[in-house]
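K.L.:
First the structure, which I've put down as structure tokens, then a few questions once you've had a look.
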Amino acid sequence: MYSGSSDGEGTDAPAQRKIPPPSSMLWVRNLRRYIGSGAGLGSEALMELETKRILLDIFKEKQQKSAEAGTIPSFYKKKPEEGSISHRVQRLAKYRFLKKQSDLLLNADDLDAMWVCLRENCVIDDATGAEKMNYEDFCHIASVCTEQIGPKCRRFFSPSNFMKFEKDESGRIAILPFYLYVMRTVSLTQARIDMSELDEDSDGFLQPHEMEAYIRGLIPNLAQLRDMPAAFVQMYCRIAAHKFFFFCDPHRRGKACIKKILLSNCLQELMELHQETEEEVTDTEQAENWFSLTSAQRICAFVGAVFEFPLNHWELSLQCVISLGIWERGGEGDSENQTHTYWYSYQLYHMFLALDKDMNGTLSKQELREYADGTLTDIFIERVFDEHVRRGKIGGGNAREMDFESFLDFVLALENKDAPEGLTYLFRCLDLQGRGFLTTADIHTLFRDVHQKWIEGGNYELCIEDVRDEIWDMVKPSDSLRISLADLLSCKQGGTVASMLIDVRGFWAHDNRENLLQEEEEPQEEG
């Protein structure tokens, strides 16, 4: 059946053919090149590592082609549609990531345990009595905390963290600053996780309603706001969120970067309400903190609930009084301080309510002139409306009315004149020609209204040119013929200069600064 001779000649030929070694075969070389040397063949880790390398090579190749082509890179990526698979995957991935980060945080019990470990294993400085630790103690405490709390506290006990703190001549650091550093790190990380959970499109920015939701979630944990009337919560969140956007969204894009919010003084000011109660703070301290209930009610008293509600002023006045609990006698369980706060805001409510003469919930130029007892100049009020108030439908034609958001910006700028954001707001009003700088003619024009109010107040006669020269000496501009915003910011007296040009009371305070300083020092010496 088979061809060939029977003496075996046909079987010798295949035996003499040589099979090439495996290493010379092309597919073997390619396979070895793909999986490496062959050690650990089938390992998922090696395969995943190789996959990442291949994808990285592809990404670099595309980047190189794009650079060579000179095309404009994509700056807009369409967000996934609500309910789509990509949107669901994105939300699930974010949830798992934030859950993992949250599990790595120290809770209140862990922080208490760390503080006990620090105090039990530190040494007392004989000279100052402060509790300190050297690097050996630091490492020992790290081991003890790891045993009691777990490995999640290990990252705080790194050599680089030890070197961040001030050391004495013996190379020791105080345990209290280190513990406060741990607490602040945990607090900021938790805040970032909470904000990221509210970031619906996961772009690292918060919109106003998302910031309001974050503040609303904080209220039960803030001692000074815990007993806030429920009807006032929505308005409070709106007022508080507006300050974050005033400082963290200078370009008014309608969104604030989460990282910028975390590093801002606004968040620190808000968290101050978590450490102390209303009874432990004076009315002055409450008023200075924008996020305190006293300050919020003071601002809210101007418009109350008139924004977005079709009710007349008197109905709103009664509604706001009832919702804020402002009565001569406090409710059951109200402290004396809280009752005083509500009654004080009730008086402020009627004072600011008197500004809105036509009772339409917004302010005209004439109505705003009564702000701060009418000490602001007319030209400044005109410039505020020109630069910062949008044209509205109220009043018809080209009439402009200041709404609630614009009023909050106005108040924030006047209360933060030394801050870059506040000074930028005011500089736009001072820059009469919109050229980006002020000339001697601008200073003369601006101060002319202040001078008029100054004389009407029964004060001594003064020379406008002398005031102009004094402003130039205070600012010391880089260009001797003009003052820019950068000059006002760098001279550290920009807020004072702005007050002198827009408010007769601000000029009076500057003119009597020595007497005011002496009056402040006298009570301290008597105490």
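K.L.:
Would segment 106-126 turn up any residue that is closer than 25 Å to Leu198 by Cα and of a type outside the set (Gly, Ala, Ser)?
P.N.:
Applying the first criterion (closer than 25 Å to Leu198 by Cα) to segment 106-126 yields 106-108.
Those still in the list that are of a type outside the set (Gly, Ala, Ser) too: 106-107.
The answer is yes, given that some residue of segment 106-126 is closer than 25 Å to Leu198 by Cα and of a type outside the set (Gly, Ala, Ser).
K.L.:
Test Asp194 against the criterion of being among the acidic types (Asp, Glu), in contact with a Phe, Trp or Tyr (Cβ under 9 Å, 6 or more places away or on another chain) and either within 29 Å of Ala93 (Cβ to Cβ) or surrounded by 18 or more Cβ atoms within 10 Å (Cβ to Cβ) (or both), and give yes or no. Let's see the steps before the verdict.
P.N.:
Values: among the acidic types (Asp, Glu): yes; in contact with a Phe, Trp or Tyr (Cβ under 9 Å, 6 or more places away or on another chain): yes; either within 29 Å of Ala93 (Cβ to Cβ) or surrounded by 18 or more Cβ atoms within 10 Å (Cβ to Cβ) (or both): yes.
It is true that Asp194 is among the acidic types (Asp, Glu), in contact with a Phe, Trp or Tyr (Cβ under 9 Å, 6 or more places away or on another chain) and either within 29 Å of Ala93 (Cβ to Cβ) or surrounded by 18 or more Cβ atoms within 10 Å (Cβ to Cβ) (or both).
K.L.:
Out of segment 368-390, which residues are surrounded by fewer than 18 Cβ atoms within 10 Å (Cβ to Cβ), assigned to a helix (DSSP H, G or I) and in contact with a strand residue (DSSP E or B) (Cβ under 8 Å, 6 or more places away or on another chain)?
P.N.:
If the condition is that a residue be surrounded by fewer than 18 Cβ atoms within 10 Å (Cβ to Cβ), assigned to a helix (DSSP H, G or I) and in contact with a strand residue (DSSP E or B) (Cβ under 8 Å, 6 or more places away or on another chain), then Ala372 is the only one that fits.
K.L.:
When only residues in segment 420-436 that are charged (D, E, K, R) and under 16 Å from Pro250 (Cβ atoms) count, which is least open to solvent (accessible area, probe 1.4 Å)? I'd like the intermediate steps shown before the answer.
P.N.:
Start the filter on segment 420-436 by keeping residues that are charged (D, E, K, R), which leaves 421, 428, 431, 435.
Still in the list and also under 16 Å from Pro250 (Cβ atoms): 421, 428.
On the way: Glu421: 53, Arg428: 110 Å².
Ranking the qualifying residues of segment 420-436, first place goes to Glu421.
K.L.:
Can you name the helices (runs of 4 or more DSSP H) wholly within segment 432-527 that have at least 3 residues being touching a helix residue (DSSP H, G or I) at 6+ places or on another chain (Cβ under 6 Å)?
P.N.:
Values: elements: 440-456, 464-475, 485-490, 494-502, 504-511, 513-526.
Once the helices (runs of 4 or more DSSP H) in segment 432-527 are filtered for at least 3 residues that are touching a helix residue (DSSP H, G or I) at 6+ places or on another chain (Cβ under 6 Å), what remains is 440-456, 464-475, 485-490, 494-502, 504-511.
K.L.:
Applying the selection to segment 165-186, what residues are over 24 Å from the mean Cα position of the chain (by Cα) and β-branched (Val, Ile, Thr)?
P.N.:
Scanning segment 165-186 gives Ile173, Ile175.
K.L.:
Pairs please, first residue from segment 89-101 and assigned to a helix (DSSP H, G or I), second anywhere and modelled with pLDDT of 90 or more, Cβ atoms under 7 Å, 6+ apart in sequence or on different chains.
P.N.:
From residues that are assigned to a helix (DSSP H, G or I), the pairs are Leu98/Ile193; Leu98/Ser196; Leu98/Glu197; Gln101/Ile193.
K.L.:
For segment 104-119, name all the residues that are touching a residue at least 24 places away in the same chain (Cβ under 8 Å) and over 13 Å from Leu176 (Cα atoms).
P.N.:
Answer for segment 104-119, where residues must be touching a residue at least 24 places away in the same chain (Cβ under 8 Å) and over 13 Å from Leu176 (Cα atoms): Leu104, Leu105, Leu106, Asp110, Ala113.
K.L.:
Being modelled with pLDDT under 90, outside any helix (DSSP H, G or I) and either buried (at least 18 other Cβ atoms within 10 Å of the Cβ) or touching a Lys or Arg at 6+ places or on another chain (Cβ under 8 Å) (or both), is that true of even one residue in segment 274-285?
P.N.:
There is at least one residue in segment 274-285 that is modelled with pLDDT under 90, outside any helix (DSSP H, G or I) and either buried (at least 18 other Cβ atoms within 10 Å of the Cβ) or touching a Lys or Arg at 6+ places or on another chain (Cβ under 8 Å) (or both).
K.L.:
Let me ask something additional. Identify, from the list Glu147, Glu169, the residue that is of a type in the set (D, E, K, R) and part of a helix (DSSP H, G or I).
P.N.:
Numbers: Glu169 fails: part of a helix (DSSP H, G or I).
Within the list Glu147, Glu169, the selection yields Glu147.
K.L.:
Considering each of Ser202, Ser158 in turn, give the residue that is out of contact with any Gly (no Cβ under 9 Å at 6 or more places or on another chain), over 30 Å from Arg88 (Cβ atoms) and either of a type outside the set (Lys, Arg) or at pLDDT 95 or above (or both).
P.N.:
Criteria check complete, one pass: Ser158.
K.L.:
Can you pull out the residues in segment 391-409 that are closer than 15 Å to Lys243 by Cβ and either out of contact with any Phe, Trp or Tyr (no Cβ under 8 Å at 6 or more places or on another chain) or modelled with pLDDT under 80 (or both)? Let's see the steps before the verdict.
P.N.:
Residues of segment 391-409 that are closer than 15 Å to Lys243 by Cβ, as a first pass: 404-409.
The answer is Phe404, Glu405, Ser406.
K.L.:
Here are Arg154, Arg172: which of them is touching a residue at least 12 places away in the same chain (Cβ under 8 Å) and touching a Lys or Arg at 6+ places or on another chain (Cβ under 9 Å)?
P.N.:
Details: Arg154 fails: touching a Lys or Arg at 6+ places or on another chain (Cβ under 9 Å).
Every option except Arg172 fails the conditions.
K.L.:
Val233 is checked against (1) surrounded by 18 or more Cβ atoms within 10 Å (Cβ to Cβ); (2) over 30 Å from Arg88 (Cα atoms) and fails just one. What number does that condition carry?
P.N.:
Val233 satisfies all of (1) surrounded by 18 or more Cβ atoms within 10 Å (Cβ to Cβ); (2) over 30 Å from Arg88 (Cα atoms) except (1).
K.L.:
Then there's this: Could you grab the pairs with beta carbons closer than 8 Å, sequence gap of 6+ or different chains, first residue in segment 249-268 and among the aliphatic types (A, V, I, L, M), second one assigned to a loop (DSSP other than H, G, I, E, B) and surrounded by fewer than 17 Cβ atoms within 10 Å (Cβ to Cβ)?
P.N.:
Ile258/Gly204
K.L.:
Could you tell me which of the residues Cys320, Cys266 is farther than 24 Å from Glu401 by Cβ and either modelled with pLDDT under 55 or part of a helix (DSSP H, G or I) (or both)? Walk me through it before giving the result.
P.N.:
On the way: Cys320 fails: farther than 24 Å from Glu401 by Cβ.
Being farther than 24 Å from Glu401 by Cβ and either modelled with pLDDT under 55 or part of a helix (DSSP H, G or I) (or both) holds for just one of Cys320, Cys266, which is Cys266.
K.L.:
Also: Only one of Glu82, Glu48, Glu44 is closer than 29 Å to Asp203 by Cα, open to solvent by 60 Å² or more (accessible area, probe 1.4 Å) and modelled with pLDDT under 80. Can you tell me which?
P.N.:
Details: Glu82 fails: modelled with pLDDT under 80; Glu44 fails: closer than 29 Å to Asp203 by Cα.
Answer to the check: Glu48.
K.L.:
Checking the structure you have, find out if any residue of segment 458-467 is within 39 Å of the chain's Cα centre (by Cα), under 13 Å from Phe507 (Cα atoms) and either open to solvent by less than 70 Å² (accessible area, probe 1.4 Å) or at pLDDT 95 or above (or both). Spell out the reasoning first.
P.N.:
Going residue by residue through segment 458-467, those that are within 39 Å of the chain's Cα centre (by Cα) are 467.
From the residues that got through so far, the ones that are under 13 Å from Phe507 (Cα atoms) too are 467.
Within this subset, residues satisfying the condition of being either open to solvent by less than 70 Å² (accessible area, probe 1.4 Å) or at pLDDT 95 or above (or both) are 467.
Checked segment 458-467: at least one residue is within 39 Å of the chain's Cα centre (by Cα), under 13 Å from Phe507 (Cα atoms) and either open to solvent by less than 70 Å² (accessible area, probe 1.4 Å) or at pLDDT 95 or above (or both).
K.L.:
Going by the structure shown, is Val384 free of Cβ contacts under 8 Å to residues at least 24 places away in the same chain and under 20 Å from Phe245 (Cα atoms)? Please lay out each step first, then the result.
P.N.:
Details: free of Cβ contacts under 8 Å to residues at least 24 places away in the same chain: no; under 20 Å from Phe245 (Cα atoms): yes.
Criteria not met by Val384.
K.L.:
Take the residues in segment 117-141 that are in a helix (DSSP H, G or I) and open to solvent by less than 70 Å² (accessible area, probe 1.4 Å); name whichever of them is farthest from Ser160 (Cα to Cα).
P.N.:
First, pick out the residues of segment 117-141 that are in a helix (DSSP H, G or I): 117-120, 135-141.
Of the ones still in play, those that are also open to solvent by less than 70 Å² (accessible area, probe 1.4 Å) are 117-118, 137-139, 141.
Values: Cys117: 20, Leu118: 18, Asp137: 15, Phe138: 12, Cys139: 12, Ile141: 16 Å.
Among those that are in a helix (DSSP H, G or I) and open to solvent by less than 70 Å² (accessible area, probe 1.4 Å), it is Cys117.
The values are calculated or read from the model by the stated rules, or taken from the named source; none is laboratory data. Note that this is a predicted model, so its numbers are computed, not measured. Methodologically, a virtual Cβ is constructed for each residue, glycine included, from the backbone with ideal geometry; neighbour enumeration extends over all protein chains shown. The protein model used for the area step is the full one, side chains on, heavy atoms only, and it has no ligands, DNA or RNA in it. Shrake-Rupley method; radii C 1.70, N 1.55, O 1.52, S 1.80 Å.
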